[in-house]
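Inspection log for the structure reproduced underneath, given as structure tokens.
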Amino acid sequence: MPTSEQPSQPAVPALLPEGQNLRALVGWRRGALRLAGAVASGLLLSAAFPPVEFALFIWVALLPLLLVPPPATLPRRLLLGWVFGFSHSLTNLFWLNEIGFSAGVLLALVVACYPMLWYVLFTALLDAWREERDDGNPCPGLEGVRRPVRQLATMLLGAALWVGVEWLRSWLFTGFPWNFLGVALWQAPVLLRTCAFTGVYGLSFLVAAVNLALALRIHDFRRSWREGSRAGYSWPLVGLVILFLPVLASSWLVAEYPAPDRTLRVLAVQGNIPQCREWTEEEFQTSLEVYTGLTREHAPAQGVDLVVWPETAVPAPLGYSPYLAAVRELQAYTRIPLLLGTVDYRPSEENPDADLSFNSAMLLDAEARVVDYYDKIRRVPFGEYVPFSRHLPWLVEWIGMGRDLTPGSEYTVIDLPKGARAGVNICFEDAFAGVSRAFVQRGANLLLTITNDAWYAESSGSRQHLLQAVFRAAETRRPMLRSGNNSDTCLILPGGPIVDPLREPETGYPFHRGAAVYEVPVWDELPLTFHSRYGDWFAVVCGLVAAGLALWLAHRAYAARRALRALRVENREA
């Protein structure tokens, strides 16, 4: 009886050689897990800052990235580190897109390189200290660091690397010291006292160390569970306890100031005026009416000593005749000194026929005469000038905002009524610790910030800017009065607490038009803090450690490559 045969099915060709399909699937899953960990860490970092501002996330933000094994090759580590940095920078700086040309995206592309640098250096350190499993295979990432002393060193060196990279970001390519790890702890008064010694970098070190210690401990538990043993003693956690000792000691070493010798009553006016690149006469008149009207309404009735307007409150130079005439009329009515921000034009010493433009803070007396002024030194890249514009003129056409301001040359301390000596930060100058420190070293007993964050509409940009200022007050132990055009006008006391932010009375909404009087404490004599005297010494030390570690790792990689090349030559000759 004939047998019927089933038609044979055509064989499906294997996409990869036999035995590699599973490895490819596993490799794809590991890659996806690494990317997910990098993105999760970036988003957790951003969530610790405004607009989410859940500070507890900062203590665990690096864990998703640290708990997945790093890639084996340098290009993949560069990519993973950049994805981590970009996912954080893009969401953290998204408010910058309010000014156009995708400014937040472009800056995020660059800022992402700093976390990438940290990740590459840190994983190279882990490779140098990697130990093997019982089966002879090397352990990847933090899992390979098993010796207690090496775990402690990994935590400390990893935190020093992070601070070193933050310090690099504070000055490289004009610098962008924005939202360092420690800034998320602005509401922790005990920790803020540490800033009088180490600056904000000390808190960044502490946050990075906590993340690394937790990651090492989790790896210990995972390894002990897999091997059926008990997790042993944790040196990194002991190291954390030791690290917190100087933090607690700083609460005792930083003494509270006595009662102020007097108070300066300051009226801060917040006009909440939308901004535009090219102002019109109508916008000029609106701004002028709002600021002069609020000043007339509040200043004489409340018996203030000083009126403060924010940076470029009125979109015209003070020398513009209608502006100057209105200010003279206002001063004749109030008879109160007025500190305002304006663009000022002066003839160049080199070329008298050309005018130089400055972003200035000017103090006017009751006769509207300029008593003193400070010219902004730290200009905003692309907003107030275009870096490398002489060599890359196309950048001016593409990104420039039509201004090329001249930087100031002197940290001028302005004498105010009642013995107050003010160092005036203009706009994002209060993100640079060195600016406030320079004012304090020159005798300032009060810090001011006049800013115009209305360029970023009602985004989180103004709130993030405010948090940077808190650390200038904590580092110098000087009060800081903030005057904003659209939000976050307030007084920051020497320890960092924010007092009476100007809000809409019924809803508490920050983007509000109004005015408030602040009792600013004034002390005749204030000691210099350790940080004010010696600067970012802690960050410099961490930067030197990071540089030394990078050189050692580079030499180690070079030596390994030479040894491999020699081995290949020897094998060919054999």
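Worth pointing out:
- Only a single criterion out of (1) under 18 Å from V440 (Cβ atoms); (2) not assigned by TED's automatic domain parsing to the domain that holds V499 is not satisfied by N571, namely (1).
- Annotation for the range 497-512: no member residue is among the acidic types (D, E) and surrounded by 20 or more Cβ atoms within 10 Å (Cβ to Cβ).
- Yes/no for R482 being crowded, with 24+ Cβ neighbours inside 10 Å, touching a Ser or Thr at 6+ places or on another chain (Cβ under 9 Å) and in a loop (DSSP other than H, G, I, E, B): no
- All of A159, A124, A108 fail the test of being farther than 28 Å from C195 by Cα, in a helix (DSSP H, G or I) and of a type in the set (G, A, S), apart from A124.
- Selection of the range 338-356 for residues being under 17 Å from D372 (Cβ atoms) and among the polar types (S, T, N, Q) yields only T342.
- Entry remark, the range 261-301: residues being closer than 19 Å to E329 by Cα, surrounded by fewer than 17 Cβ atoms within 10 Å (Cβ to Cβ) and in contact with a strand residue (DSSP E or B) (Cβ under 9 Å, 6 or more places away or on another chain) number 1 in total.
- Where a residue in the range 162-177 is more than 14 Å from V540 (Cα to Cα) and its partner, wherever it lies, is in a loop (DSSP other than H, G, I, E, B), with Cβ under 9 Å and at least six apart: F173/P387; T174/R378; T174/R379; T174/P387; G175/R378; G175/F432; P177/F432
- Here A431 passes the criteria (1) within 22 Å of S251 (Cβ to Cβ); (2) in contact (Cβ under 8 Å) with a residue 24 or more places away in the chain except the one numbered (1).
- Restricting the range 226-256 to residues that are closer than 17 Å to T154 by Cα, touching a helix residue (DSSP H, G or I) at 6+ places or on another chain (Cβ under 8 Å) and in a helix (DSSP H, G or I), the residue that is modelled with the lowest pLDDT: W235
- Per this entry, V380 is counted among residues that are at pLDDT below 95, under 17 Å from F428 (Cβ atoms), surrounded by 14 or more Cβ atoms within 10 Å (Cβ to Cβ) and of a type in the set (V, I, T).
The values are calculated or read from the model by the stated rules, or taken from the named source; none is laboratory data. Everything quoted here is computed from the prediction, not taken from an experiment. As a convention, Cβ positions derive from the backbone with ideal geometry for all residues, glycine included, and neighbour counts pool all protein chains shown.
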